[in-house]
Structure formats: C-alpha cells, structure tokens
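Remarks on the structure that follows.
The values are calculated or read from the model by the stated rules, or taken from the named source; none is laboratory data. A quick note: this is a predicted structure, and the numbers were derived from the prediction, not measured. A quick note on method: Cβ atoms are made from the backbone with ideal geometry, for glycine too, and the neighbour counts reach across all protein chains shown. Surface areas here come from the heavy atoms of the whole protein model, side chains and all, with no ligands, DNA or RNA. Shrake-Rupley method; radii C 1.70, N 1.55, O 1.52, S 1.80 Å.
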Amino acid sequence: MLSGKCILIGITGGIAAYKICELIRKFKKKGADVKVVCTPNALNFVTKLTLQNLSQNEVYVEEFDVKNWKPEHISLADEADIMIIAPATANTISKIARGIADNLLTSVACAFSKKMIIAPAMNCNMWKNQAVQENINILKARGIEILEPESGFLACGYLGKGRLCSIEKIYGAVDEALNYSQILKGKKVVVTAGGTVEDIDPVRYISNYSSGKMGFAISDAAYQMGAESVLITTKNFEAPYKIIKVKSAMDMQNALNEEFDQADYIIMAAAVADYRVKEYSKQKIKKTESDNLTLELVKNPDILRSLCEKKTHQTVVGFCAESENLLQNANEKIAKKGCDFLVANDISRSDIGFSSDDNEVTILDKSGRIKKLEKASKQVIARQILEYIHG
Ligand code: CTP
C-alpha cells in the first residue's frame, strides 16, 4: 500500500526515540522507501546503526556532511512524499514553528512543503507550557498535523499528558495522508482566483482588493490531492500545473468556457467585477473644467450563474464575500446562482479573508446544509473545502 512512497522520518532527542524502530519496520513491510534524519541528541537514545539497518538507507545527522552538489536538506525535502517528526521535543517543535533551521532536521523541515505530521513527546509540564502550546497552534494553523501526546506514566517519573502517541496512530495518520491525498486523482479541477481588472482607459481601471490567495491555495491543494488542476487568474502565480492568466471578467468567462466541458469541479474563488465601463477610451481621459466626471458602466455577465445554467456532470462552487448578514445573503445567493455549494466569507473581519493568510468560512449546499470551517490557514481551509465538496 505504501510502495513507491518515500517517507522521511525525523527523530529528535527524546526517550520515545526507540519506539520509532517499530514504525520504520512497519513502513518497510508495506514497501515504502524510508529515510531517517536525526538530531544529534536523538542518537543518545537510539543508534545510527539500528536505524540504518531497519530503514536500509543511510541515516542523516550532520548538516554539512555534503556528498553531492545538492545540499542534503534540500534533496531530502524534495524526495519525500511526507515528513513525520516523532518523537518531537519542545525544542524542535518551537524551532520549526519559528522557522529556525540550526541542524539538519530543522533545515529539512524548513525546506519541506508537503504534508508534515508531528508527534510530540515530553514532560507534561513542558507540554502545558504556554510557549509550547502557542507554537503547536502556529504549526496547526499552517496545516501541519499534530498527533497529540497521550496521558500516562512518563519516563521522567510524572503522571500526565506527554507520552508519544501509539505507533499504530502514527502509522494510520501517514497511511491516511498518503492515500487520502490522492482522492481527486482522475478529476479535473478548475479554479478562478483574484479580482478582475476592468480597464477604463490606458492608465486606469476598476478592480477590487482580492489577493487571489484562497484560490491559489485551492488549486494547489487540488493538485496535491491528485487532480489535474487548472488555475484561471488575474494575478501572477507559479505552479506545476496549467495557469491561464486573464484580466477582465470577459476574459475569465472565455477561459472558463474553454475548460468547462472537461472539468469535474469549477471553483469560482475569483472576485469578478460586476460592472465594466460601457466604452473603453483608447486615449487617456483628460481632466476637464467640470468638477464631476461620469463613467457609464454596464453589467458584466454573471459567470457563475451562466456556468450553473449549462452544467451537466460538473460540481460548481461559488464564493461570496459579505460584509453583513452573512448567512442570509449567502442563502439568497446560492438560490439565485444555482451552484452546488457556496463558500461564504465574512469580510467585515480584518483577521481573515481578503489579503490575509487565514480564513474562516461557512459552506452552504443547495439542500440547505451548512458546514462551518474554523479559522485556519488558507491551505488548511482549501483542503477542507475540497474534501467536503468531494463528499
Ligand atoms: N461571480 C461571477 N460573475 C460575476 C460576479 C460574481 O461569476 N459577474 C461569482 C464570483 O466568482 C463568486 C460568486 O459569483 O463565486 C459570488 O460573487 P459575489 O460578488 O459575492 O456575488 P454577486 O452576484 O456579484 O453579488 P453582490 O451584489 O453581493 O456583489
């Protein structure tokens, strides 16, 4: 079940390090390629030779033990499909949360952009420490899965929460992450992102504050979950999948029409301008003696609505940004647009939504069901949205 997968295990200096030998055996039995990176202190609890024999690979500890042109921390991060840090000490957790990269393990973690699972183990008072808890919350908000420690007798003589969770639990989380990450395999997901730009003249335009971040997170997550992602956006963005750069609402509609038939999911995270100028001025509009200037605007097509009208097998998801009466407006909007799901954003809050890295959304479906996703990074929210609409 894990063949073809490369699992990177980071071991830090805690007594539970010896338990990871069993985890490596389990992964190997299922056909995974296992790479182990240790902090120097981990080797006080488990030997390099043991880990090397079990993983059937070299064990990495030293940061500057360079064997080829590519630094070890980059090649290890590039090769692995998933990284697990277990046991993770308070020290390593806090360093990763704050972006400190002062040994090979923390450097790999810093360079790692795929799924990461952290299983902490420490004294119960250290676990309760406010700084550690704050750092755990930072990691969670970034989409890193934390397998909370369990309660019981601790090696330090205390009774409390701090024991490494079971090896079965870590194995299960990895198995689920690697298989679950492919739930969109064979599906085409088309995502729109960013605010459209409606030109007035060669130097002026009408647009909005949408950063595109939520849409980027969704197209990235869809790609990571195995989908053929297509991103239609007004912003500059780089990704290993097809990106169609557009400007106006009309351009966006044309691009969507091109992609529509083959798509399984259409996710309209873009903030489409409702109006454009009736007549674009080829020359720069000059200031006149008058105190007023009137621009005549005409309605842009409601792209979401037009897609919903012609959809066959596609699941169409709209977004709505509301500054008041979120649920009432969202309910009216889903009925008006005819989409399968509507993701509602409260833009009256400054800590989420436009330009922010976090979001908190409510998903409505056409049968009236409501699902609230608690505040988290846009990456986490993106995965949760895809998981929810996929069912
Ligand atoms: N949308 C669209 N075409 C438009 C306007 C909006 O496809 N001309 C899509 C957006 O991409 C989004 C959804 O419709 O997925 C809702 O956008 P929103 O601006 O909240 O809706 P509007 O119908 O424009 O309503 P409002 O009067 O609140 O702006």
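A few points about this structure:
- Derived scalar couplings between HN and Hα for segment 298-304 equal 10, 6, 7, x, 7, 4, 4 Hz in order, rounded to whole Hz, by the Karplus curve 6.51 cos²θ - 1.76 cosθ + 1.60 (θ = phi - 60°), x for Gly and Pro.
- Note that segment 13-28 has calculated 3J(HN,Hα) couplings of x, x, 4, 5, 3, 5, 5, 6, 4, 5, 5, 4, 4, 4, 5, 5 Hz, one per residue in order, obtained from phi through the Karplus relation 6.51 cos²θ - 1.76 cosθ + 1.60 (θ = phi - 60°); glycine and proline are x.
- Relative contact order computed over segment 240-323 (Cα-Cα under 8 Å; 6+ residues apart), in percent: 40
- Per residue value of the accessible surface for segment 291-391 (all protein chains in place, 1.4 Å probe), Å²: 53
- Rounded to the nearest 20 debye, the dipole magnitude of segment 241-391 is 340 debye, with +1 charges on Lys and Arg beta carbons, -1 on Asp and Glu beta carbons, and the Cα centre as origin.
- Angle between the chain longest axis and helix 213-224 axis [Cα atoms, degrees, rounded to 10]: 50
- Along segment 328-334 the Karplus relation, 6.51 cos²θ - 1.76 cosθ + 1.60 evaluated at θ = phi - 60°, assigns HN-Hα couplings of 5, 5, 5, 4, 5, 5, 5 Hz to successive residues, with x for each Gly and Pro.
- Considering only Ala273, Leu295, Gln314, the residue lying farthest towards the positive end of the dipole of segment 269-375 is Gln314, judged by Cα position with unit charges set on Cβ.
- Residues whose amide H lies under 5 Å from that of Tyr275, counting only those 5 or more places away or on a different chain, are Asn300; hydrogens are built 1.01 Å from N in the peptide plane.
- Computed over protein heavy atoms with a 1.4 Å probe, the carbon and sulfur contribution to the accessible area of segment 86-177 reaches 52%.
- For Lys284, the lysines whose Cα falls under 23 Å of its own Cα, not counting residues fewer than eight places away in the same chain, are Lys247, Lys299.
- Per atom type, segment 4-77 shows carbon and sulfur on 52% of its accessible surface, probed at 1.4 Å.
- Between helix 130-141 and the chain: long-axis angle, C-alpha atoms, 0 to 90°, nearest 10: 50
- Under a 5 Å amide H cut-off, with hydrogens placed 1.01 Å from N, Asp199 pairs with Ile206 among residues at least 5 apart or on other chains.
- For segment 181-250: accessible area per residue (Å², 1.4 Å): 42
- Between Tyr275 and Glu387, the simple spin-label model (points 7 angstrom out along Cα→Cβ) gives 4.2 nm.
- Remark on Ala227: its backbone amide H falls under 5 Å from those of Leu184, a criterion applied only to residues 5 or more positions apart or on other chains, H modelled at 1.01 Å from N.
- The residues of segment 97-146 have, on average, 44 Å² of accessible surface per residue, using a 1.4 Å probe with all protein chains present.
- Cα centre as origin, Lys/Arg/Asp/Glu Cβ charges: the chain dipole, Debye: 500
- Ligands, DNA and RNA left out, the 1.4 Å accessible surface of segment 241-391 is 44% carbon and sulfur atoms.
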